Structures are given as structure tokens and as C-alpha cells.
1. Based on the Cβ-Cβ distance from B:Lys310 to B:Glu378, what FRET efficiency comes out when R0 is 45 Å, to the nearest 0.05?
2. Quick check: pseudo-label points 7 Å beyond the Cα along Cα→Cβ at B:Ser534 and B:Lys168, how many nm apart are they?
3. Of B:Lys37/B:Lys107; A:Lys115/B:Lys434; B:Lys387/B:Lys522; A:Lys166/B:Lys204; B:Lys315/B:Lys358, which sit over 26 Å apart, Cα to Cα?
4. Give me the net charge for the shell around B:Ala333: Cβ to Cβ below 10 angstrom, other residues only, Lys and Arg +1, Asp and Glu -1.
5. Based on alpha-carbon centroids, what's the gap between the range B:209-285 and the range A:54-95 in Å, whole number please?
6. Scanning chain B for helices, which whole DSSP H stretches are 30 Å or more long along the axis (Cα) and average 1.6 or more by Kyte-Doolittle?
7. How many angstrom lie between the C-alpha centres of the range B:383-416 and the range B:64-95?
8. Want the number for B:Asp104 to B:Glu419: 0.36 nm per residue separation, take away the alpha-carbon distance, what's left?
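The values are calculated or read from the model by the stated rules, or taken from the named source; none is laboratory data. As the structure is a computational prediction, the values presented were derived from the model and not from experiment. Heads up, the Cβs are rebuilt from the backbone with ideal geometry, glycines too, and the neighbour counts pull from every protein chain shown. Accessible surface areas use protein heavy atoms only, side chains included; no ligands, DNA or RNA. Shrake-Rupley method; radii C 1.70, N 1.55, O 1.52, S 1.80 Å.
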Amino acid sequence: MSEDRTGVFICHCGTNIAGTVNCQMITEAIGRTDVALVREHAYMCTGGQAQIVSDIQEFDLDRIVVAACSPRIHDETFRSVCKEAGINPYMMEMVNIREQCSWCHTNQPDEATRKAIDLVLMGVENVKLDQPLTPIEVPMTKKALVIGGGISGIEASLQMADLGHKVILVERGPTIGGKMAQLNKIFPDQNCSP
Amino acid sequence: MVDVGRHPNIELLTMSEVVEVKGYVGSFEVTLRKHPKYVTEDCTFCGECLERCNVFTEDDFNENRALRKAIYTPFLQSVPRQYVIDDKVCIHFSEEACQKCVEDCKKHAIDFSQVVEEETVHVGAIIGATGIRPYDPTGLYGYGDSRFPDVITSMELERMMSPEGPTKGEVVRPSTGQTPGSVAFIQCVGSRSEKEGQLSYCSKLCCPNTVKNTLLLKERFPELEIFVFHNGIRTSGNRQEKIFLEARRERVVFVNSFPEITQGHALTFSDPMLDHDRLMKKQFDLVVLAVGVVPTAVELSGFLSVPLGKRGFVKEDNQLSPTSTPTKGVYFAGAVGSPADIKQCIEQAGSAAMQVSKHFHRDTAELSPVIAKVNIEECTGCGKCSKQCLFGAIRIEDKVASITEAVCRGCGNCVNSCEFDAISISNYAEKQMKAQLRAALHQPEEKIIVFACHWCSYAGADFAGTSRLQYSTNARIIKTMCSCGVTVDLIKYAFALGAPKVIVSGCHPGDCHYLDNNMFTKKRVTKLKEGLMSKGINPERLMLEWVSASEGQRFVEVVQKMEQLRVDEDEIEMTKMIFSETSKRKSRKRVRK
């Protein structure tokens, strides 16, 4: 790659991040590297989405780092944003400067900021080596197998069959019914076993 | 039940079992073994065969408290409505070659020539619903002991109270056949116990089931004396507490204590609620053991390659997807995942059916591309990665490793086995983690590198943050899919860059989302720690800890414990030298090849 086309987006999460971490210092530190763009936003996951899309297009970015909350929460959100902006959704790395930084180092703002800068730098190095990926598509055989003919297997089979799907129900014994069939009445209403 | 038998979309295969499952979502190839019934579909259920047969055996449907014949149906409403012959007891298969049922069957529906058959079926999705079995209490409270014939299990009572059961619904003492004047229920039999062979969890169904049975007994025998010995009655939820209070109103005595049993079905117990010190002794006519429930998931886990939790139930993919397994296209419903009552089983069945229906709504399934990728320029076809993969996703073709993309889960266990850096996980490549290490360790200082797996440890760190637990600012977390993706090379690289301390963390043993792959992590880290020691490096600088998604506090403790460790600069320098040497040696070897 002749020129870096990485964009870095730093989320304040209201005061959740910016209340502890000095986001401007992150911007300055990352700005000194060769990334194409550093942008801050109060809420990257809501209003920030449109900003990311327009920045990707305006600055011709090919990959982004989103420094915000946990990827376990918003990985999919920002992958969709990439898709919308026309870049591969896997050319995105999230950096967790909320759960791993502002929230767990609340009383050490300087240290937290230093750590946040490190984390974003790590994310930038990581995203540089990301490859565009495409989800794997496999054909779907529209027939289900249910293993076990107790109450759960019976009910699952009926639900799917009623929706029009073909079902094979496999039961080891000579009849379906399972443990439920052995019960006399069931709690809490003393109904007869179904 | 009858709806299943007549539904045009359901093919019901009884006396059948799953032998092998191959493939992936959308295209599973399942081998089924069908055992012979020796009775064809021409059977009209007339029952003449049953009258002629005079070979008896114990009736497992009635918990072996009654006899049934060699040709039988477990109960009258069986589905399919068809008799079967039990070839383990039928004397046609012995020297006698009995033919009585054949002679009497007007429909010629008996066919002794049937044999075990195997059949392969193709399906797009699978739901495992093998349920639970009652805990076997043999040996507890004299159960199964000839001295205590009137100790029975809750399931035996259930059959006894059924109008179709061995006593036609009469509740009797097995020893005399007489109606009991007093009944004791003992709760938590096999459950909530750390004793060898018992169940550490609450089986959940036994308390409400006992309360139900006390009410049914009181309805029939208002004067019957009933005691329930328990360890805290658990009747949670919408309507269960109501029946518990009703039982108390009906003068069922609840005693918070576990009794001892002695000759004559006498129970000795103390009741801390009534009189703390006094030991009481009371004789009962019938003792019912409220046995726990045991999962039947081991076999299922084997052929579906889904992980089990510590207690032997199927482990859900994550808490918010309670009927999904980590294998796409494989779901489960009911008590095979956790003790569940009938209502919960039905709810889960609906959830699992919905998951499958979502797949069937589309013509294809989409799978994550974060999987292993082979660099064919570097691959020598040695096959080590293929042997390492527990999912069978790698095969060697034309002297090069080839990935079955839909089968690969992207755990990264293969990466460590490759000496030539020819295999990597897309976007979790070793070189990407090394790049992160370089960025994290540009000033190594007191830093702690923490490798955390996506499923448990990383989530545990998230939970620590969400709970606002405070820990050392020296921690630098690098996310992997599984701890098994942290290669020995990677850890050595961190030390070569001057990392003072490294933590490798993953899911607890038995909780790994990739079968037992975290055991490979354990083996590698343990060996590397020995290596550190032999080189004069403090092995405590490398730590392996299991942290689950709910263990935020534990994550903090692990980091803080490492934070306490002091490493002097000379040792860091020495480690740097040792490991930069070894990586140089390795690269020379590679060039020679």
C-alpha cells in the first residue's frame, strides 16, 4: 500500500469515556502517526455512524478503527456501517477504551489516557493487516432432524412441521412420549400429562 | 403425541438411533441405525399376539415394578400404535424357536426376518432433545436393599398412582400390598451434593413434584400422615408456591432436615425449626425418594461435536441464545440443557424450532469467514494441522493442507502445530497479534500482556469494566477466538520484545466453546513454563488462568495477582536475549528448508 487509508474514530460515549479519558490527547497522539484521519464523536454508535460513512467516502478510507466500547456489543454495528459506506465489513477493528479503560481506571485519568493511546495504536497496527473477507454461503437442505421423542422433541417437531417443514423424528424406544408419558399428573395445576 | 404420528410432514422413526453426523449447517449427513421391531406396519393393534405370548420380563416403563410380555407396547396410547418384539427375551430367538404370535396374527404382521439396518439421511439442521433420566438412588436410604422393601423412588410412585400403572392407580406398600397410613418423602436424593457420584446441582423438578404428589395423596386419603424431609423447599415461579401453601394447609408436615433410616422404615431426624437438639424417631409405612435428574447429553455431544458444561448438560452458545450450540445449525431443547419442567421444555422446543425455521426461510446459510486459511506457498503438506483439528476441518490434498470452510470454526488450534507459518486465522493472524504486541510493548515498562478468548475471558474483562471494578492500568488485552490460538511462538515473541509478564486466559475446563481445545492451551503453557524455569526465568511471569464471562471479579484478581509480581530489569533483558536468539534460530531453520 503506497498510502495509508486508515481512519480512526474515537467515541466519547457521552461522558462514559470522555469523562475519564482525554480523547483530544488520543486524537493528537494518533494524528502524529501515518493514519489518514482521526475523528471524535460524542456517540459513535448513533449519530457517529453517518459521520463514519461520509468520512469513509470523503477521505477514500479503506479500513477503520473504532475506539469505543466492547466489540462484543458493537462489532456488528460498525461492520454494517462499513458495508453501507462501501468498504469490506471485515476491514474494521474495534478498540475497547470503555470497559477496558475509562470504566476500570476511573480514578487514574492520565494513566487511562496513556493506556487508551496504546490500545488505539494496537488497533491501528491490527487493522493494517486485516484482509477483506466474505461470509461463506452454503446451500440449505430444508429438512430437520430431531433426536429424542420426549416432550421437547415432540413439540419441536410439531412446531416445525406446522410451519410446513419436513422433519425426521428419531426415537430410540418403541414409542414417543419419553419421561413425560410415565408421569401421572403434572405440577402445578395437576393436569393430566399431555 | 398422536399428532406426531399422523402429521404429513413428520417422518417418525422409533427403535432408531443416530450413529454418526457429518457435514455442516445446510448439509448434514446423518447415519441412523434402525433396530428391528419384528412387527410390520400392517399391525392393527388387535392384541391377539399379546394374549398368546407367555414370555415375561420386567417392565421398564413401570420402573420394573411390573411384568410385561416379550411382544409388547410400553403403554396403551403408544405412538406409533404398533406392537414390538423384545429380541432380548423373545424365545423365538432361542432353541425353542417359538412361533405362537406368528400363528395367531391374522394380518401376517409379524416378521422375524427383520434385521438391524443403517440408513443415511440428509438434513439442514438438527435439534437434540434427549432429555434426562432419573438418578439411580441404589444404596441411599436402603433403596434396593431387601431390608427396606417400602422405600421407592418418585418415579415409582408416579407409576403407582397412574390408573395404567402396576397397581392400577392404588397406592400400596410393596411389602404387604396394603394402603399405607403414613408416607415420608425425602427430597434432594442425589441432588445438591458434592459426594462422589451425586449431582452438585438442584434438579429443580423434585420439590414441586413432591408437593403435587402430597396433594394428590391427601385428596384420596385425607387422613394419611405425610412428612416431607427437605433442604429448603424450592417452589419458585408463578403458581408453584400456591401448591406448597396448599399442602401445608392440608397438614403435610415439612421438616427441614435429612433423616437416617433404620430397621422397620423408622426415620430418625431432628427438626431445627421445632426443637433444635431433640432427635426424633418415627416409623413410616412408605418412604418416597425424590430423586434428582441426570442429563443424557454425553452421546449427543459426541456425534454432534457440541460442548458440555461441567455438570454434563449441553452448554448453550451464550446465555442470550439459550437453545443454540456453538455449531451453527445444531440446536437443543428441553432438559438435556438444564433440568426443565414440561412447560419449559415446550417453550424451549418452540425456541429451537424457530431457530431452525429461520434457516429454512432462506436457500443458503451464511457462515463466518473468520476461519483458518492456508498459505500454499509455505505449506509442506506435513499434516500436523490436520491431526490437531478436533473438528476434522483440515485434510491433506495434493500435498497441501486444505480447509473445509463450512466445518472450520476458526479456533486457531491448528496454528501452533504449523512449523512453517503456513496456516492462520483470517483477521486473527499471528502476525496481527505480533503487530499488536509491538505496539503494546514499544515501552514495555511494567506492562502485563493479557491474551483473552472471545467467549469467556474477554467477556469477563468486559464484565469487570461494566461493574466498574478497578485494576492495574498496565494490562493490555489482546483478543483471540480461543485460548488455543495463542501459540508458543507468540508468547516467546512477547518476552523477546521485553514483556515483563504475560497472562493467557480462556474458558474454564469443560466450558471451552471448541470442545476441549483449552486443554491444548494448558499443555502448551505448562510446557513453556517448564522451559522458562530451565532457562533460569521465573515461570510465574507466564500465567494461565480460566476466567468465565461472569467472573469480572476473578479477572481483576488475576490481573492484580500478576501486578504484585516484581520482575527486575536484568531478568527482562536476559529473557529478551534468550527469546530473540531462539526466534532467529527458527527463522534460519526455515530458510534451510
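1. Efficiency, from the Cβ-Cβ distance: 0.70.
2. 7.8
3. Distance filter (> 26 Å) returns A:Lys166/B:Lys204.
4. Cβ neighbours under 10 Å give a net charge of -2.
5. Their Cα centres are 62 Å away from one another.
6. Both cut-offs are met by no helix.
7. 47
8. 106.2 nm
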